[in-house]
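**Student:** Please see the structure below; I have some questions.
Every number here is computed from the coordinates shown, using simple stated rules; none is lab data. What you are looking at is a predicted structure, and each value in this text was computed from that prediction instead of being measured. No Cβ is skipped: glycine too gets one built from the backbone with ideal geometry, and neighbour counts run over all protein chains shown.
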Amino acid sequence: MTNAEELIETLPKRTQALRDELAKAIVGQGRVIDDVLLGLYCGEHVLLTGVPGLAKTLLIRSLSETLDLGFKRIQFTPDLMPTDITGTEIIQDDPVTGTRELKFMHGPVFTNLLLADEINRTPPKTQAAMLQVMQEREVTAGRETMSLPKPFHVFATQNPIEMEGTYQLPEAATDRFMLSVQIDYPEPDEEALMVRRTTGTEKPRLVTVINGEELIAVQQLVRAVPVSDEVIRFAVNLVGSTRPDAPGASEQVKRFVRWGAGPRASQYLILGAKGRAAMQGKPCADEEDVRSVALLVLGHRVLTNFKARAEGVTTASILKELVKSSKA
């Protein structure tokens, strides 16, 4: 048995071990944990949306412990500058030679798991500094371009209820996130358990389940999962059905959608389907895997118009109907 075959056979068990370990620190939120792990296995970035106090920061910090990866958190504020994120050059004196030279001081993006907290609370200039970081996984300072550590993932959070003093994330930046995960309130029993755990003296100790090298191997394995031309066509047709000016667009889409999803959505649908198949130990990705990740991939890429908001029609309701009716 090759290493790749062994890895795909053991991945469901190791994924469950990750869930169990994270459950020591995170109460409930099983769906959110699975979605975050999916983004990790696919090697991409994840946008987390939820009100304060839903353990978004704790989840990513705990994840770094179970993966033995570096973790840093940036609190995005209106006065944050791009160099506060990426780093900056400083003049340093050499006491031996008496000369001065420029030295680059690394910013907090030089880590493995980066939590961009309230990313919509900083101006577009600073948000734009994340584009090269997320797409090329590089930082350019002066004439030098430096690669970020591997693996590298951005987990950005947004507060959906407090819009005062925020800057809407540009579509180009939003599109860099493979998945958009909505975090809901916990169930009453889960909330009671959370309160009991967090108001006591005991702190959970998490152990490493998968290390960085193994995670990179998992990411390579996910991309190697087979997928048929029919499944690819299904994903492309599903993305195409979100575009109001496309031939055959439904009346609901024409009426309520301002902009549909772009080609990157088709790529991420297939990559997400491969990741979901690998997590379940399936030999190939199928249409059901595409359907299971459709809302995560398309939810932040389909923009509704004023008429939709006036009539209470949500992006999620439109997408659920499209997923239900979509064919290869």
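**Student:** Apply the Karplus parameterisation 6.51 cos²θ - 1.76 cosθ + 1.60, with θ equal to phi minus 60°, to every residue of the range 21-31 and state each ³J(HN,Hα) to the nearest whole Hz, in sequence, with x for glycine and proline.
**Tutor:** 5, 5, 5, 5, 10, 10, 8, x, 6, x, 5
**Student:** Please state the shape class of the range 179-328: rounded when a/c is under 1.5, otherwise prolate if a/b exceeds b/c and oblate if not, all from the C-alpha gyration tensor.
**Tutor:** Here the range 179-328 falls in the oblate category.
**Student:** For an R0 of 25 angstrom, estimate the FRET efficiency from the Cβ-Cβ distance between M105 and N211 and round to the nearest 0.05.
**Tutor:** Efficiency computed from Cβ-Cβ geometry: 0.35.
**Student:** Tally the DSSP beta bridges in the chain and give the antiparallel ones as a percent, rounded to 5.
**Tutor:** If we restrict to bridges inside the chain, about 40 percent are antiparallel.
**Student:** Could you work out the local net charge near R100, counting Lys and Arg as +1, Asp and Glu as -1, over the other residues with Cβ closer than 13 Å to its Cβ?
**Tutor:** -3
**Student:** Grab the Cα-Cα distance for E191 and V51, subtract it from 0.36 nm times how many residues apart they are, and report the gain in nm with one decimal.
**Tutor:** Numbers: separation 140, 0.36 × 140 = 50.40 nm, distance 1.45 nm.
Extra length available between E191 and V51 comes to 48.9 nm.
**Student:** Let me ask another. What percent do you get for the relative contact order of the chain when only Cα pairs under 8 Å and 6+ apart count? If you can, show how the numbers build up before the last one.
**Tutor:** On the way: 544 pairs, mean separation 71.3, N = 328.
Relative contact order, the chain: 22 percent.
**Student:** Rounded, prolate or oblate: which fits the chain when a ≥ b ≥ c are the square roots of the eigenvalues of the alpha-carbon gyration tensor, with rounded for a/c under 1.5 and prolate only if a/b beats b/c? Don't jump to the answer; show the numbers that get you there.
**Tutor:** Values: a/c = 1.45, a/b = 1.27, b/c = 1.14.
Since a/c stays below 1.5, the shape of the chain is classed as rounded.
**Student:** Given a Förster distance of 30 angstrom, what is the FRET efficiency for K13 paired with A246, based on the Cβ-Cβ distance and rounded to 0.05? All intermediate terms of the calculation are to be shown ahead of the outcome.
**Tutor:** Working: r = 42 Å, r/R0 = 1.41.
Result of the calculation: an efficiency of 0.10.
**Student:** What is the packing order of peptides 16-23, 109-116, 262-269, taking the mean over residues of other C-beta atoms within 10 Å and listing the highest first?
**Tutor:** Numbers: 16-23: 16.6, 109-116: 22.4, 262-269: 18.8.
For the peptides 16-23, 109-116, 262-269, the packing ranking is 109-116, 262-269, 16-23.
**Student:** What is the spin-label model distance, in nm, from S228 to Q135 if the labels are put 7 Å beyond Cα along the C-beta direction?
**Tutor:** Here the modelled spin labels are 3.5 nm apart.
**Student:** Give, as a single signed number, the net charge of other residues whose beta carbon lies under 9 Å from the beta carbon of V293, with Lys and Arg counted +1 and Asp and Glu -1.
**Tutor:** Details: positive: R276, R291; negative: D35, D289.
Here the charged neighbours net out to 0.
**Student:** Could I ask something else about it? Quote to one decimal, in nm, the extra length available between Q280 and K254 on full extension: 0.36 nm per residue of separation minus the C-alpha distance between them.
**Tutor:** Contour length minus the Cα-Cα distance gives 5.7 nm.
**Student:** Let me ask something additional. Work out from phi, with θ = phi - 60° and the Karplus expression 6.51 cos²θ - 1.76 cosθ + 1.60, the ³J(HN,Hα) of each residue of the range 279-291, listed in order in whole Hz, and give x for Gly and Pro.
**Tutor:** 4, 9, x, 7, x, 8, 8, 10, 4, 5, 5, 5, 4
**Student:** Still on this model: ³J(HN,Hα) across the range 83-91 via Karplus (A = 6.51, B = -1.76, C = 1.60, θ = phi - 60°), whole Hz, x for Gly/Pro?
**Tutor:** The phi angles translate into 5, 5, 9, 8, x, 8, 8, 10, 8 Hz.
**Student:** Additional query: Charges on Cβ only, +1 for Lys and Arg, -1 for Asp and Glu, centred on the Cα centroid of the range 3-215; of L18, P204, I119, which one is farthest towards the dipole's positive end?
**Tutor:** Positive-most Cα among the choices belongs to P204.
**Student:** So if each residue of separation counts as 0.36 nm, and I subtract the Cα-Cα distance between K307 and T83, what length gain in nm does that give?
**Tutor:** Values: separation 224, 0.36 × 224 = 80.64 nm, distance 4.04 nm.
Computed gain between K307 and T83 is 76.6 nm.
**Student:** Now, a different point. Under a straight-distance cross-link criterion of Cα-Cα below 21 Å, which lysines are reachable from K282, leaving out those fewer than 8 residues away in the same chain?
**Tutor:** List returned: K13, K274.
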